[in-house]
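Enquirer: Got a structure here, written out as structure tokens. Questions coming.
The values are calculated or read from the model by the stated rules, or taken from the named source; none is laboratory data. Keep in mind that this is a model prediction, so the values were computed, not measured. Cβ sites come from the backbone with ideal geometry, for glycine too, and all protein chains shown count toward neighbours.
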Ligand SMILES: NC(=O)c1ccc[n+]([C@@H]2O[C@H](COP(=O)([O-])OP(=O)(O)OC[C@H]3O[C@@H](n4cnc5c(N)ncnc54)[C@H](OP(=O)(O)O)[C@@H]3O)[C@@H](O)[C@H]2O)c1
């Protein structure tokens, strides 16, 4: 039995779902993989929990909510640098902090701290990696450490694992994805006859779209995922500014209805294509009308999907995967198992 110490950063939807899942899967992980994960520190924006002993949920939450004031385990102001001292080299940072796409913070500093201390990283946050993908990967590789980010690239839908592992030795000649569940849900409802505003409102009332949906509907979330998938699977070094990104915000209903009337569908596609000059790649996110022969045509509602075009394996498509904090938590756990299990 191998016991791996963890530091969890961020105790929001994903951080909480991850901790719950870890508890649920404890016995299964021990039996199937011989792995035990112990949370040695939990870092929030304004302080940390760390006692030098493994933490259990009761030491940092009350009714699932963060329990700070009056809790002997809580240390206001304690930063990740101090909390990480509770985690021995060889352990792992699980990053569930917000995805800030310009500075990459706080994930960028947290990942740097983890690599400096000899920790592997599993992150659900896109921030650090869209800002400094190649630098982080190069440093991790030089130190013999892993940085995994399945949770940042369409949560439970396998994307980078397919491109990097399952398609090994094939040449990837193009990638197309429906990578944002919120936009896809809105487009699906518009195809059923709703206006953009009404479809957005339904999405918000179901908790699918945020009160401020711009990150999803303006194509930024898809663009960030595309940057990470391309950099991982194509060996590129793109940043957000390299993506020609548009979204579905204000999409006219008649465009979606007309597509449907012709038996087609509008999808927010994120695509990596060989650039026109024949060298390198270009990245693009925008609404596209696709017909039923397209492998992503039947990806509806909050579902996502990705298609890889290859030289030797043909077109390979994966669809589905839970779009939720639990799906993201499951992707983090998958990455942890794949970092530490003996194959
Ligand atoms: N929600 C999903 O379905 C989903 C799916 C895939 C990926 N993701 C990604 O997963 C990450 C977390 O998402 P979420 O939905 O859990 O967001 P969230 O509910 O807003 O949680 C983020 C947490 O990070 C904490 N935080 C903020 N600044 C911090 C700092 N400097 N140090 C430590 N903690 C800090 C905040 O907690 P306090 O302010 O209370 O400390 C907050 O609770 C994001 O990057 C998101 O893009 C989310």
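Enquirer: When only residues in segment 77-97 that are outside any helix (DSSP H, G or I) and in contact with a helix residue (DSSP H, G or I) (Cβ under 7 Å, 6 or more places away or on another chain) count, which is farthest from residue 241 (Cα to Cα)? Write out each step before concluding.
Expert: From segment 77-97, those outside any helix (DSSP H, G or I) are 77-79, 87-97; that's our starting set.
Going one step further and asking which of them are in contact with a helix residue (DSSP H, G or I) (Cβ under 7 Å, 6 or more places away or on another chain), we end up with 92-97.
Numbers: 92: 30, 93: 28, 94: 27, 95: 24, 96: 24, 97: 22 Å.
Here the answer is 92.
Enquirer: Among the residues of segment 167-193, which ones are free of Cβ contacts under 8 Å to residues at least 60 places away in the same chain and within 14 Å of residue 266 (Cα to Cα)?
Expert: Initially, segment 167-193 is screened for residues free of Cβ contacts under 8 Å to residues at least 60 places away in the same chain, giving 168, 189, 192.
189, 192 - these are the residues of segment 167-193 that are free of Cβ contacts under 8 Å to residues at least 60 places away in the same chain and within 14 Å of residue 266 (Cα to Cα).
Enquirer: Do we have any residue at all in segment 27-43 that's within 30 Å of residue 100 (Cα to Cα) and out of contact with any strand residue (DSSP E or B) (no Cβ under 9 Å at 6 or more places or on another chain)?
Expert: Keep residues of segment 27-43 that are within 30 Å of residue 100 (Cα to Cα), which gives 37-43.
Add one more test, that the residue is out of contact with any strand residue (DSSP E or B) (no Cβ under 9 Å at 6 or more places or on another chain), and what stays is none.
Scanning segment 27-43 turns up no residue that is within 30 Å of residue 100 (Cα to Cα) and out of contact with any strand residue (DSSP E or B) (no Cβ under 9 Å at 6 or more places or on another chain).
Enquirer: Are any residues in segment 54-68 surrounded by fewer than 15 Cβ atoms within 10 Å (Cβ to Cβ) and away from the ligand (no atom under 13 Å from the Cβ), and if so, which ones? It would help to see each step written out before you state the result.
Expert: Quick first cut of segment 54-68, residues surrounded by fewer than 15 Cβ atoms within 10 Å (Cβ to Cβ) only: 56, 58, 62-65.
If the condition is that a residue be surrounded by fewer than 15 Cβ atoms within 10 Å (Cβ to Cβ) and away from the ligand (no atom under 13 Å from the Cβ), then 56, 58, 62, 63 are the ones that fit.
Enquirer: Turning to a different aspect of this structure: Do you know which residues across segment 124-154 are surrounded by 24 or more Cβ atoms within 10 Å (Cβ to Cβ) and touching a residue at least 40 places away in the same chain (Cβ under 8 Å)?
Expert: Result: 124, 125, 126, 129, 130, 149, 150, 151, 152, 153, 154.
Enquirer: Condition first: closer than 17 Å to residue 228 by Cβ, assigned to a helix (DSSP H, G or I) and away from the ligand (no atom under 12 Å from the Cβ). Now tell me which residues in segment 112-136 satisfy that.
Expert: Going through segment 112-136, the residues closer than 17 Å to residue 228 by Cβ turn out to be 121-136.
Subsequent filtering for residues that are assigned to a helix (DSSP H, G or I) retains 127-136.
Matches in segment 112-136: 131, 132, 133, 134, 135, 136.
Enquirer: Another question about this same structure. Does segment 36-53 hold any residues that are touching a helix residue (DSSP H, G or I) at 6+ places or on another chain (Cβ under 8 Å), surrounded by fewer than 21 Cβ atoms within 10 Å (Cβ to Cβ) and at pLDDT 95 or above, and which are they?
Expert: 36
Enquirer: If you don't mind, there's one more thing I want to ask. Please work out if residue 106 is within 11 Å of the ligand (Cβ to nearest atom), in contact (Cβ under 8 Å) with a residue 24 or more places away in the chain and touching a strand residue (DSSP E or B) at 6+ places or on another chain (Cβ under 9 Å).
Expert: Values: within 11 Å of the ligand (Cβ to nearest atom): yes; in contact (Cβ under 8 Å) with a residue 24 or more places away in the chain: yes; touching a strand residue (DSSP E or B) at 6+ places or on another chain (Cβ under 9 Å): yes.
Criteria met by residue 106.
Enquirer: Would you check which residues across segment 255-277 are within 20 Å of residue 243 (Cβ to Cβ) and either modelled with pLDDT under 95 or surrounded by fewer than 16 Cβ atoms within 10 Å (Cβ to Cβ) (or both) and list them? Break it down into steps so the answer makes sense when it comes.
Expert: Of all residues in segment 255-277, those within 20 Å of residue 243 (Cβ to Cβ) come to 266-277.
Across segment 255-277, the qualifying residues are 273, 274, 275, 276, 277.
Enquirer: Something else about it: Restricting to segment 149-181, what's the tally of residues that are near the ligand (Cβ under 10 Å from one of its atoms), touching a helix residue (DSSP H, G or I) at 6+ places or on another chain (Cβ under 7 Å) and in a helix (DSSP H, G or I)?
Expert: Looking only at that region, the number is 3.
Enquirer: Within segment 61-75, which residues are under 13 Å from residue 11 (Cβ atoms) and in a strand (DSSP E or B)? Let's see the steps before the verdict.
Expert: Kept after step one, since they are under 13 Å from residue 11 (Cβ atoms), are these residues of segment 61-75: 61-62, 64-68, 71, 73-74.
The answer is 61, 62, 65, 66, 74.
Enquirer: Look at residue 90 and say whether it is touching a residue at least 40 places away in the same chain (Cβ under 8 Å), surrounded by 13 or more Cβ atoms within 10 Å (Cβ to Cβ) and more than 21 Å from the chain's Cα centre (by Cα).
Expert: Numbers: touching a residue at least 40 places away in the same chain (Cβ under 8 Å): yes; surrounded by 13 or more Cβ atoms within 10 Å (Cβ to Cβ): yes; more than 21 Å from the chain's Cα centre (by Cα): yes.
Here the answer is yes, as residue 90 does meet what is asked.
Residue-wise test of (1) surrounded by fewer than 21 Cβ atoms within 10 Å (Cβ to Cβ); (2) farther than 20 Å from residue 159 by Cα; (3) out of contact with any helix residue (DSSP H, G or I) (no Cβ under 8 Å at 6 or more places or on another chain); (4) touching a residue at least 24 places away in the same chain (Cβ under 8 Å).
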| position | (1), (2), (3), (4) |
| --- | --- |
| 213 | yes, yes, no, yes |
| 222 | no, no, no, yes |
| 225 | no, no, no, yes |
| 298 | yes, no, yes, no |
| 301 | yes, no, no, yes |
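Enquirer: Before we move on, is residue 17 in contact (Cβ under 8 Å) with a residue 60 or more places away in the chain and under 26 Å from residue 322 (Cβ atoms)?
Expert: Values: in contact (Cβ under 8 Å) with a residue 60 or more places away in the chain: yes; under 26 Å from residue 322 (Cβ atoms): yes.
So residue 17 fits the description; yes.
Enquirer: Being within 16 Å of the ligand (Cβ to nearest atom), touching a helix residue (DSSP H, G or I) at 6+ places or on another chain (Cβ under 9 Å), under 25 Å from residue 122 (Cα atoms) and not in a helix (DSSP H, G or I): is that true of residue 208 here? Outline the logic, then answer.
Expert: Details: within 16 Å of the ligand (Cβ to nearest atom): yes; touching a helix residue (DSSP H, G or I) at 6+ places or on another chain (Cβ under 9 Å): yes; under 25 Å from residue 122 (Cα atoms): yes; not in a helix (DSSP H, G or I): yes.
The answer is yes for residue 208.
Enquirer: Can I ask one more? Would a scan of segment 84-93 turn up a residue that is over 21 Å from residue 148 (Cα atoms) and either at pLDDT below 90 or touching a strand residue (DSSP E or B) at 6+ places or on another chain (Cβ under 8 Å) (or both)?
Expert: Yes, segment 84-93 has at least one match.
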